[in-house]
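The values are calculated or read from the model by the stated rules, or taken from the named source; none is laboratory data. Note that this is a predicted model, so its numbers are computed, not measured. Neighbour counts run over all protein chains shown; Cβ positions are idealised from the backbone, glycine included.
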(Lines give C-alpha, C1' and ligand atoms only; values in the text may rest on other atoms or scores of the structure.)
Protein backbone atom coordinates (compact mmCIF):
# COMPACT_ATOMS: atom_id res chain seq x y z
CA UNK A 1 0.00 0.00 0.00
CA UNK A 2 2.73 2.43 1.01
CA UNK A 3 4.66 1.54 -2.14
CA UNK A 4 1.66 2.43 -4.28
CA UNK A 5 1.26 5.81 -2.51
CA UNK A 6 4.94 6.55 -2.95
CA UNK A 7 4.74 5.79 -6.65
CA UNK A 8 1.69 8.05 -6.96
CA UNK A 9 3.51 10.89 -5.13
CA UNK A 10 6.51 10.48 -7.37
CA UNK A 11 4.24 10.44 -10.40
CA UNK A 12 2.49 13.66 -9.30
CA UNK A 13 5.85 15.29 -8.49
CA UNK A 14 7.43 14.29 -11.79
CA UNK A 15 4.42 15.74 -13.61
CA UNK A 16 4.20 18.94 -11.56
CA UNK A 17 7.87 19.96 -11.80
CA UNK A 18 8.03 20.04 -15.62
CA UNK A 19 4.70 21.88 -15.65
CA UNK A 20 6.02 24.52 -13.26
CA UNK A 21 9.24 24.86 -15.23
CA UNK A 22 7.33 25.26 -18.47
CA UNK A 23 5.04 27.85 -16.88
CA UNK A 24 8.02 29.76 -15.43
CA UNK A 25 9.79 29.63 -18.75
CA UNK A 26 6.73 30.99 -20.53
CA UNK A 27 6.48 33.84 -18.02
CA UNK A 28 10.17 34.63 -18.40
CA UNK A 29 9.95 34.51 -22.18
CA UNK A 30 6.88 36.74 -22.06
CA UNK A 31 8.67 39.29 -19.89
CA UNK A 32 11.71 39.19 -22.14
CA UNK A 33 9.54 39.66 -25.20
CA UNK A 34 7.75 42.55 -23.54
CA UNK A 35 11.04 44.20 -22.69
CA UNK A 36 12.34 43.60 -26.19
CA UNK A 37 9.12 44.99 -27.77
CA UNK A 38 8.66 47.94 -25.47
CA UNK A 39 11.84 48.99 -23.61
CA UNK A 40 11.35 51.54 -20.86
CA UNK A 41 12.28 55.06 -21.96
CA UNK A 42 14.55 57.06 -19.66
CA UNK A 43 16.22 60.45 -20.05
CA UNK A 44 19.81 60.62 -18.84
CA UNK A 45 21.12 64.13 -18.20
CA UNK A 46 24.88 64.59 -18.61
CA UNK A 47 26.94 67.25 -16.84
CA UNK A 48 28.44 68.55 -20.11
CA UNK A 49 28.28 67.64 -23.80
CA UNK A 50 29.60 64.18 -24.69
CA UNK A 51 33.37 63.84 -24.25
CA UNK A 52 35.96 61.45 -22.85
CA UNK A 53 34.96 62.10 -19.24
CA UNK A 54 31.44 60.75 -19.87
CA UNK A 55 32.19 58.33 -22.73
CA UNK A 56 31.10 55.20 -20.85
CA UNK A 57 27.42 56.02 -21.33
CA UNK A 58 27.64 56.60 -25.06
CA UNK A 59 29.51 53.32 -25.43
CA UNK A 60 26.84 51.53 -23.38
CA UNK A 61 24.28 52.77 -25.91
CA UNK A 62 26.40 51.69 -28.89
CA UNK A 63 27.09 48.26 -27.39
CA UNK A 64 23.41 47.75 -26.55
CA UNK A 65 24.02 47.34 -22.81
CA UNK A 66 20.95 49.42 -21.95
CA UNK A 67 18.76 47.50 -24.39
CA UNK A 68 19.96 44.26 -22.81
CA UNK A 69 18.28 45.31 -19.56
CA UNK A 70 15.14 46.67 -21.23
CA UNK A 71 16.01 50.38 -21.28
CA UNK A 72 15.75 52.93 -24.08
CA UNK A 73 18.09 55.73 -22.99
CA UNK A 74 18.04 59.26 -24.36
CA UNK A 75 21.28 61.06 -23.44
CA UNK A 76 20.96 64.82 -23.05
CA UNK A 77 24.05 67.08 -23.01
CA UNK A 78 24.41 69.32 -19.98
CA UNK A 79 25.59 72.80 -19.04
CA UNK A 80 27.44 72.03 -15.83
CA UNK A 81 27.08 69.75 -12.84
CA UNK A 82 25.24 72.34 -10.77
CA UNK A 83 22.50 72.73 -13.38
CA UNK A 84 22.24 68.96 -13.89
CA UNK A 85 21.86 68.42 -10.15
CA UNK A 86 19.12 71.06 -10.03
CA UNK A 87 17.26 69.41 -12.94
CA UNK A 88 17.33 66.03 -11.17
CA UNK A 89 16.18 67.54 -7.88
CA UNK A 90 13.29 69.25 -9.67
CA UNK A 91 12.25 66.05 -11.48
CA UNK A 92 13.06 67.50 -14.93
CA UNK A 93 15.17 64.44 -15.80
CA UNK A 94 14.96 60.82 -14.68
CA UNK A 95 18.60 60.21 -13.85
CA UNK A 96 21.77 62.23 -14.26
CA UNK A 97 25.56 62.53 -14.15
CA UNK A 98 27.03 65.33 -12.05
CA UNK A 99 29.85 66.18 -9.72
CA UNK A 100 29.11 65.10 -6.16
CA UNK A 101 29.89 68.53 -4.64
CA UNK A 102 26.83 70.45 -5.94
CA UNK A 103 24.71 67.34 -5.31
CA UNK A 104 25.77 67.25 -1.66
CA UNK A 105 25.17 70.98 -1.34
CA UNK A 106 21.61 70.58 -2.64
CA UNK A 107 20.99 67.61 -0.34
CA UNK A 108 22.18 69.66 2.64
CA UNK A 109 19.59 72.27 1.64
CA UNK A 110 16.80 69.68 1.68
CA UNK A 111 16.79 68.31 -1.87
CA UNK A 112 15.56 64.70 -2.02
CA UNK A 113 18.16 62.98 -4.18
CA UNK A 114 20.87 60.34 -3.88
CA UNK A 115 24.24 59.45 -5.35
CA UNK A 116 23.97 55.95 -6.87
CA UNK A 117 27.52 55.34 -8.13
CA UNK A 118 30.69 57.44 -8.29
CA UNK A 119 32.70 57.17 -11.50
CA UNK A 120 35.55 59.64 -10.96
CA UNK A 121 37.04 59.13 -7.50
CA UNK A 122 39.13 62.31 -7.39
CA UNK A 123 37.87 65.75 -8.39
CA UNK A 124 39.68 67.30 -11.41
CA UNK A 125 38.85 70.93 -10.56
CA UNK A 126 41.79 73.26 -10.19
CA UNK A 127 42.86 76.88 -9.77
CA UNK A 128 44.73 78.10 -12.87
CA UNK A 129 46.79 81.24 -13.45
CA UNK A 130 49.26 82.24 -16.14
CA UNK A 131 52.86 81.66 -15.15
CA UNK A 132 53.61 85.39 -15.39
CA UNK A 133 50.97 86.09 -12.72
CA UNK A 134 53.32 84.64 -10.11
CA UNK A 135 50.70 82.69 -8.16
CA UNK A 136 52.74 80.60 -5.69
CA UNK A 137 49.96 79.27 -3.46
CA UNK A 138 46.21 79.41 -2.92
CA UNK A 139 46.79 82.11 -0.31
CA UNK A 140 48.08 84.37 -3.12
CA UNK A 141 44.51 84.60 -4.47
CA UNK A 142 43.81 87.43 -2.04
CA UNK A 143 42.89 90.63 -3.89
CA UNK A 144 42.75 88.95 -7.33
CA UNK A 145 39.92 88.65 -9.88
CA UNK A 146 38.87 85.00 -10.14
CA UNK A 147 36.61 83.65 -12.93
CA UNK A 148 33.96 81.09 -11.95
CA UNK A 149 32.17 79.11 -14.72
CA UNK A 150 28.39 79.34 -14.66
CA UNK A 151 26.70 76.08 -13.69
CA UNK A 152 29.91 74.21 -12.88
CA UNK A 153 30.79 72.28 -9.76
CA UNK A 154 33.54 74.76 -8.87
CA UNK A 155 31.03 77.07 -7.20
CA UNK A 156 30.06 74.43 -4.64
CA UNK A 157 33.64 73.41 -3.89
CA UNK A 158 35.54 76.69 -3.93
CA UNK A 159 34.31 77.89 -0.49
CA UNK A 160 35.93 74.76 1.00
CA UNK A 161 39.23 75.67 -0.67
CA UNK A 162 39.04 79.24 0.61
CA UNK A 163 38.27 78.16 4.17
CA UNK A 164 41.11 75.62 4.19
CA UNK A 165 43.54 78.39 3.19
CA UNK A 166 42.29 81.02 5.67
CA UNK A 167 40.56 83.09 3.00
CA UNK A 168 37.05 84.52 2.71
CA UNK A 169 35.00 85.24 -0.40
CA UNK A 170 35.33 88.95 0.43
CA UNK A 171 39.11 88.60 -0.01
CA UNK A 172 38.78 87.99 -3.75
CA UNK A 173 36.68 89.27 -6.63
CA UNK A 174 34.50 86.50 -8.06
CA UNK A 175 33.54 86.99 -11.72
CA UNK A 176 30.83 84.63 -12.98
CA UNK A 177 31.00 83.90 -16.71
CA UNK A 178 30.09 81.27 -19.33
CA UNK A 179 32.63 78.43 -19.60
CA UNK A 180 33.49 79.44 -23.18
CA UNK A 181 34.64 82.86 -21.96
CA UNK A 182 37.02 81.56 -19.29
CA UNK A 183 40.19 81.05 -21.33
CA UNK A 184 39.82 84.20 -23.48
CA UNK A 185 39.30 86.25 -20.32
CA UNK A 186 42.41 84.77 -18.74
CA UNK A 187 44.54 85.34 -21.85
CA UNK A 188 43.31 88.93 -22.29
CA UNK A 189 43.91 89.78 -18.63
CA UNK A 190 40.26 90.44 -17.79
CA UNK A 191 40.75 88.06 -14.87
CA UNK A 192 43.98 86.86 -13.27
CA UNK A 193 42.77 83.40 -12.24
CA UNK A 194 40.20 80.90 -13.49
CA UNK A 195 38.56 78.04 -11.63
CA UNK A 196 38.79 75.31 -14.23
CA UNK A 197 39.65 71.63 -14.37
CA UNK A 198 42.42 69.30 -15.46
CA UNK A 199 40.27 67.59 -18.11
CA UNK A 200 38.86 70.72 -19.75
CA UNK A 201 40.42 74.18 -19.41
CA UNK A 202 43.81 72.78 -18.36
CA UNK A 203 44.02 70.63 -21.49
CA UNK A 204 42.97 73.52 -23.74
CA UNK A 205 45.64 75.81 -22.32
CA UNK A 206 48.27 73.13 -22.71
CA UNK A 207 47.29 72.58 -26.35
CA UNK A 208 47.84 76.32 -26.89
CA UNK A 209 51.34 76.06 -25.43
CA UNK A 210 50.47 78.36 -22.50
CA UNK A 211 52.50 77.99 -19.30
CA UNK A 212 50.37 78.00 -16.16
CA UNK A 213 50.49 77.46 -12.42
CA UNK A 214 47.81 75.07 -11.18
CA UNK A 215 46.51 74.07 -7.77
CA UNK A 216 44.15 71.10 -7.55
CA UNK A 217 41.12 71.47 -5.30
CA UNK A 218 41.71 68.00 -3.84
CA UNK A 219 45.19 69.10 -2.72
CA UNK A 220 44.00 72.46 -1.44
CA UNK A 221 41.36 71.60 1.14
CA UNK A 222 38.50 70.03 -0.86
CA UNK A 223 39.27 66.28 -1.17
CA UNK A 224 35.86 65.24 -2.51
CA UNK A 225 34.84 62.55 -4.96
CA UNK A 226 33.68 63.75 -8.35
CA UNK A 227 31.26 62.82 -11.11
CA UNK A 228 28.52 60.40 -10.06
CA UNK A 229 25.26 58.88 -11.25
CA UNK A 230 22.43 60.60 -9.38
CA UNK A 231 18.64 60.32 -9.14
CA UNK A 232 15.81 61.84 -7.16
CA UNK A 233 14.29 59.93 -4.27
CA UNK A 234 10.92 60.15 -6.01
CA UNK A 235 12.29 58.36 -9.07
CA UNK A 236 14.06 55.75 -6.94
CA UNK A 237 10.93 55.01 -4.93
CA UNK A 238 8.87 54.54 -8.10
CA UNK A 239 11.48 52.69 -10.19
CA UNK A 240 14.11 50.99 -7.97
CA UNK A 241 14.78 48.16 -10.44
CA UNK A 242 15.19 50.55 -13.37
CA UNK A 243 17.79 52.49 -11.41
CA UNK A 244 19.72 49.30 -10.60
CA UNK A 245 19.58 48.17 -14.22
CA UNK A 246 20.77 51.56 -15.45
CA UNK A 247 23.75 51.63 -13.08
CA UNK A 248 24.76 48.06 -13.98
CA UNK A 249 24.57 48.75 -17.73
CA UNK A 250 26.44 52.05 -17.32
CA UNK A 251 29.31 50.40 -15.44
CA UNK A 252 29.55 47.83 -18.23
CA UNK A 253 29.92 50.76 -20.61
CA UNK A 254 32.77 52.22 -18.56
CA UNK A 255 34.50 48.83 -18.31
CA UNK A 256 34.14 48.43 -22.08
CA UNK A 257 35.67 51.88 -22.62
CA UNK A 258 38.68 50.97 -20.47
CA UNK A 259 39.24 47.67 -22.29
CA UNK A 260 38.76 49.17 -25.76
CA UNK A 261 40.61 52.48 -25.38
CA UNK A 262 42.60 52.16 -22.16
CA UNK A 263 42.47 55.15 -19.82
CA UNK A 264 41.93 58.53 -21.45
CA UNK A 265 42.19 61.92 -19.80
CA UNK A 266 41.67 64.36 -22.63
CA UNK A 267 40.08 64.70 -26.07
CA UNK A 268 42.50 67.13 -27.68
CA UNK A 269 44.45 65.41 -30.51
CA UNK A 270 48.22 65.51 -30.13
CA UNK A 271 48.11 66.65 -26.53
CA UNK A 272 49.77 64.41 -23.99
CA UNK A 273 47.66 63.87 -20.88
CA UNK A 274 48.73 65.20 -17.52
CA UNK A 275 47.94 61.96 -15.69
CA UNK A 276 49.91 58.71 -15.85
CA UNK A 277 47.82 55.59 -16.35
CA UNK A 278 48.91 51.98 -16.18
CA UNK A 279 47.92 49.77 -19.12
CA UNK A 280 48.67 46.17 -18.12
CA UNK A 281 45.25 45.36 -16.66
CA UNK A 282 43.16 46.70 -19.60
CA UNK A 283 45.60 45.15 -22.12
CA UNK A 284 45.42 41.74 -20.46
CA UNK A 285 41.63 41.99 -20.23
CA UNK A 286 41.43 42.87 -23.92
CA UNK A 287 43.55 39.83 -24.78
CA UNK A 288 41.27 37.57 -22.71
CA UNK A 289 38.19 39.09 -24.35
CA UNK A 290 39.60 38.47 -27.84
CA UNK A 291 40.80 34.95 -27.02
CA UNK A 292 37.58 33.65 -25.47
CA UNK A 293 35.04 35.83 -27.28
CA UNK A 294 33.51 37.20 -24.08
CA UNK A 295 32.28 40.69 -23.23
CA UNK A 296 34.49 43.50 -21.93
CA UNK A 297 32.76 43.39 -18.56
CA UNK A 298 33.25 39.65 -18.09
CA UNK A 299 36.90 39.85 -19.26
CA UNK A 300 37.75 42.51 -16.67
CA UNK A 301 36.13 40.56 -13.85
CA UNK A 302 37.65 37.27 -15.02
CA UNK A 303 41.20 38.66 -15.03
CA UNK A 304 40.71 40.28 -11.61
CA UNK A 305 39.24 37.14 -10.01
CA UNK A 306 41.78 34.70 -11.48
CA UNK A 307 44.59 37.03 -10.36
CA UNK A 308 42.98 37.19 -6.91
CA UNK A 309 43.04 33.38 -6.55
CA UNK A 310 46.63 33.20 -7.80
CA UNK A 311 47.64 35.95 -5.33
CA UNK A 312 46.07 33.99 -2.46
CA UNK A 313 47.98 30.83 -3.42
CA UNK A 314 51.26 32.73 -3.77
CA UNK A 315 50.82 34.52 -0.44
CA UNK A 316 50.05 31.23 1.30
CA UNK A 317 53.16 29.65 -0.25
CA UNK A 318 55.38 32.57 0.74
CA UNK A 319 54.16 32.77 4.35
CA UNK A 320 54.26 28.97 4.74
CA UNK A 321 57.92 28.85 3.64
CA UNK A 322 58.86 31.60 6.04
CA UNK A 323 56.62 31.14 9.07
CA UNK A 324 54.94 27.74 8.86
CA UNK A 325 51.53 26.26 8.13
CA UNK A 326 49.55 27.76 11.00
CA UNK A 327 50.50 31.38 10.33
CA UNK A 328 50.04 30.81 6.59
CA UNK A 329 46.46 29.68 7.20
CA UNK A 330 45.74 32.66 9.46
CA UNK A 331 47.26 35.01 6.90
CA UNK A 332 45.07 33.56 4.17
CA UNK A 333 41.98 34.00 6.36
CA UNK A 334 42.78 37.66 7.10
CA UNK A 335 43.68 38.24 3.45
CA UNK A 336 40.39 36.75 2.22
CA UNK A 337 37.93 38.21 4.73
CA UNK A 338 39.35 41.66 5.38
CA UNK A 339 36.67 44.20 4.33
CA UNK A 340 38.73 45.79 1.56
CA UNK A 341 39.42 42.38 -0.01
CA UNK A 342 36.26 42.91 -2.09
CA UNK A 343 38.39 45.07 -4.41
CA UNK A 344 40.39 41.96 -5.32
CA UNK A 345 37.38 40.48 -7.11
CA UNK A 346 36.05 43.73 -8.61
CA UNK A 347 37.26 45.45 -11.75
CA UNK A 348 40.38 46.88 -10.13
CA UNK A 349 44.12 46.34 -10.56
CA UNK A 350 44.94 45.34 -6.98
CA UNK A 351 44.86 41.56 -7.50
CA UNK A 352 47.09 41.68 -10.60
CA UNK A 353 49.52 43.96 -8.79
CA UNK A 354 49.73 41.51 -5.87
CA UNK A 355 50.51 38.60 -8.19
CA UNK A 356 53.64 40.30 -9.52
CA UNK A 357 54.74 41.55 -6.09
CA UNK A 358 54.36 38.14 -4.42
CA UNK A 359 56.12 36.35 -7.28
CA UNK A 360 58.94 38.85 -6.92
CA UNK A 361 59.19 38.18 -3.17
CA UNK A 362 59.29 34.41 -3.64
CA UNK A 363 62.00 34.62 -6.32
CA UNK A 364 63.98 37.16 -4.29
CA UNK A 365 63.98 34.77 -1.33
CA UNK A 366 65.48 32.14 -3.67
CA UNK A 367 68.12 34.66 -4.83
CA UNK A 368 66.80 34.77 -8.41
CA UNK A 369 67.28 38.51 -8.50
CA UNK A 370 67.03 39.17 -12.24
CA UNK A 371 63.67 37.46 -12.61
CA UNK A 372 62.46 38.99 -9.32
CA UNK A 373 63.35 42.48 -10.55
CA UNK A 374 61.63 41.81 -13.89
CA UNK A 375 58.37 40.78 -12.24
CA UNK A 376 58.63 43.69 -9.82
CA UNK A 377 58.98 45.95 -12.84
CA UNK A 378 55.85 44.46 -14.39
CA UNK A 379 53.91 45.45 -11.28
CA UNK A 380 54.52 49.05 -12.36
CA UNK A 381 52.31 48.31 -15.36
CA UNK A 382 49.33 47.92 -13.03
CA UNK A 383 49.60 50.57 -10.32
CA UNK A 384 51.76 53.61 -9.45
CA UNK A 385 52.89 51.92 -6.23
CA UNK A 386 54.78 49.49 -8.46
CA UNK A 387 57.47 52.18 -8.80
CA UNK A 388 58.90 51.10 -5.45
CA UNK A 389 58.73 47.34 -5.99
CA UNK A 390 61.95 46.85 -8.04
CA UNK A 391 63.98 48.46 -5.23
CA UNK A 392 63.75 45.27 -3.14
CA UNK A 393 65.43 42.87 -5.61
CA UNK A 394 68.03 45.49 -6.54
CA UNK A 395 68.97 46.08 -2.89
CA UNK A 396 69.18 42.34 -2.21
CA UNK A 397 71.32 41.83 -5.28
CA UNK A 398 73.65 44.67 -4.22
CA UNK A 399 74.05 43.16 -0.76
CA UNK A 400 74.72 39.76 -2.32
CA UNK A 401 77.50 41.18 -4.50
CA UNK A 402 79.01 43.06 -1.58
CA UNK A 403 79.02 39.90 0.50
CA UNK A 404 81.31 38.25 -2.07
CA UNK A 405 84.09 40.78 -1.45
CA UNK A 406 86.98 39.55 0.71
CA UNK A 407 86.75 40.68 4.31
CA UNK A 408 83.14 41.92 3.96
CA UNK A 409 80.66 40.67 6.51
CA UNK A 410 76.96 41.16 5.90
CA UNK A 411 73.76 39.97 7.44
CA UNK A 412 72.36 36.83 5.86
CA UNK A 413 69.98 37.43 2.95
CA UNK A 414 67.30 35.34 4.59
CA UNK A 415 67.58 35.50 8.38
CA UNK A 416 65.85 32.56 10.02
CA UNK A 417 62.27 33.49 10.83
CA UNK A 418 61.48 30.19 12.56
CA UNK A 419 63.35 28.75 15.49
CA UNK A 420 63.51 25.07 16.19
CA UNK A 421 62.54 23.85 19.66
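Run residue 186 past the list (1) buried (at least 16 other Cβ atoms within 10 Å of the Cβ); (2) in a strand (DSSP E or B); (3) not assigned by TED's automatic domain parsing to the domain that holds residue 49 and report the number of the one that doesn't hold.
(2)
Restricting attention to region 117-144, which residues are in contact with a helix residue (DSSP H, G or I) (Cβ under 6 Å, 6 or more places away or on another chain), within 17 Å of residue 194 (Cβ to Cβ) and not in a loop (DSSP other than H, G, I, E, B)? Quick ask: steps written out before the conclusion?
Going through region 117-144, the residues in contact with a helix residue (DSSP H, G or I) (Cβ under 6 Å, 6 or more places away or on another chain) turn out to be 117, 122-123, 125, 142.
Pick out the ones that are also within 17 Å of residue 194 (Cβ to Cβ) and you get 123, 125, 142.
Correct list: 125 only.
Kindly provide the set of residues from region 209-220 that are touching a helix residue (DSSP H, G or I) at 6+ places or on another chain (Cβ under 8 Å) and either part of a helix (DSSP H, G or I) or at pLDDT below 90 (or both), ordered by number. Break it down stepwise before answering.
To start, the set of residues in region 209-220 that are touching a helix residue (DSSP H, G or I) at 6+ places or on another chain (Cβ under 8 Å) comprises 210-215, 217, 220.
Result: 217, single match.
Looking only at residues in region 365-385 that are assigned to a helix (DSSP H, G or I) and in contact with a helix residue (DSSP H, G or I) (Cβ under 6 Å, 6 or more places away or on another chain), which one is nearest to residue 318 (Cα to Cα)?
Of region 365-385, the ones assigned to a helix (DSSP H, G or I) are 365, 369-379, 384-385.
This time we only want the ones that are in contact with a helix residue (DSSP H, G or I) (Cβ under 6 Å, 6 or more places away or on another chain), so: 369, 371-373, 375-376, 378-379.
Numbers: 369: 16, 371: 16, 372: 14, 373: 17, 375: 16, 376: 16, 378: 19, 379: 18 Å.
Looking at the filtered set, the residue picked out is 372.
If residue 225 satisfies all but one of (1) under 26 Å from the mean Cα position of the chain (by Cα); (2) closer than 17 Å to residue 148 by Cβ, what's the number of the condition it fails?
So the condition that residue 225 fails would be (2).
Give the residues of region 32-85 that are at pLDDT below 90 and on the phi > 0 side of the Ramachandran plot, sorted by residue number.
80
In region 52-79, what residues are within 21 Å of the chain's Cα centre (by Cα) and crowded, with 18+ Cβ neighbours inside 10 Å?
Hits for region 52-79 are 53, 54, 55, 56, 57, 59, 60, 61, 63, 65, 66.
Okay, residues lined up against (1) closer than 14 Å to residue 253 by Cα; (2) free of Cβ contacts under 8 Å to residues at least 40 places away in the same chain; (3) in a strand (DSSP E or B):
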| site | (1), (2), (3) |
| --- | --- |
| 41 | no, yes, yes |
| 55 | yes, no, no |
| 67 | yes, yes, no |
| 72 | no, yes, yes |
| 83 | no, no, no |
| 86 | no, yes, no |
| 93 | no, no, no |
